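The values are calculated or read from the model by the stated rules, or taken from the named source; none is laboratory data. The model shown is predicted, which means the values in this text are computed figures rather than measured ones. Counting neighbours? That spans all protein chains shown, and the Cβs are built from the backbone with ideal geometry, glycine included. Only protein heavy atoms, including side chains, enter the accessible area calculation; ligands, DNA and RNA are left aside. Shrake-Rupley method; radii C 1.70, N 1.55, O 1.52, S 1.80 Å.
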Amino acid sequence: NTSVAMVHYDEREGKFYTKSWAFIPGIGVDVKSKVEKVDYDIMIENGYAYSCGDRIISYRFVENFILNLEKEYGVIIKGIGYDKWNAISSVNRLADEGGYDVVEVTQGTGTLHAPTKLYKEKVMDGDAHYESNILYEMNVANAREVFDDQLRSRISKKKSNGKVDMLAAVI
């Protein structure tokens, strides 16, 4: 699985507005649904997730999805943060074809503590808004926060109770 999220921070309101999508391999949707206890057919039908590729997701599909966001939603993408895991060719395409500023987001508390803390505070204050999406809500409910020795936090995929990719993409 992988996820893409659009995040807008309105400085005047002090609020976040987000929209997130999941991408899952095409073969095995039924198996994933049973194992993860998520009806991916309904999630796909509602536009919360996309089935692409066969046994692994189609990176080309995800790249095209990102390249079409500005046109589809009438937004201007200021930058794209990415986890480098299996992303190098996609990142190069987004930078070359889309002209986007792409920034690697290292997956550790040193990098993720500040955005995790900020987003958590905005959620608690009621200043984080998202387009209704049950799959995103499941990802948030699955998430577990972990702390390092310096009490810096991030969400942990390993310690979480299921998929958290959509929340991780937002953070």
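Filter the stretch 115-136 down to the residues that are of a type in the set (Ser, Thr, Tyr) and open to solvent by 70 Å² or more (accessible area, probe 1.4 Å), then identify the one that is nearest to the chain's Cα centre (by Cα).
To start, the set of residues in the stretch 115-136 that are of a type in the set (Ser, Thr, Tyr) comprises 116, 119, 130, 132, 136.
Now narrow it down to the ones that are open to solvent by 70 Å² or more (accessible area, probe 1.4 Å): 130, 132.
Numbers: 130: 12, 132: 15 Å.
Step by step, filter the stretch 115-136, then rank; the result is 130.
Outside any loop (DSSP other than H, G, I, E, B) and buried (at least 17 other Cβ atoms within 10 Å of the Cβ): is that true of residue 112 in this structure? Judged against the criteria, residue 112 is a match.
Which of the residues belonging to the stretch 51-99 are aromatic (Phe, Trp, Tyr), in contact (Cβ under 8 Å) with a residue 24 or more places away in the chain and open to solvent by less than 70 Å² (accessible area, probe 1.4 Å)? Listed by number, the list holds a single entry, 65.
The residues of the stretch 20-47 that are open to solvent by 40 Å² or more (accessible area, probe 1.4 Å) and either modelled with pLDDT of 95 or more or touching a Leu at 6+ places or on another chain (Cβ under 6 Å) (or both), listed by number, are 39, 41, 42, 44, 45, 46.
Considering only the stretch 59-91, how many residues are among the basic types (Lys, Arg) and in a helix (DSSP H, G or I)?
Residues that pass the stated criteria total 2.
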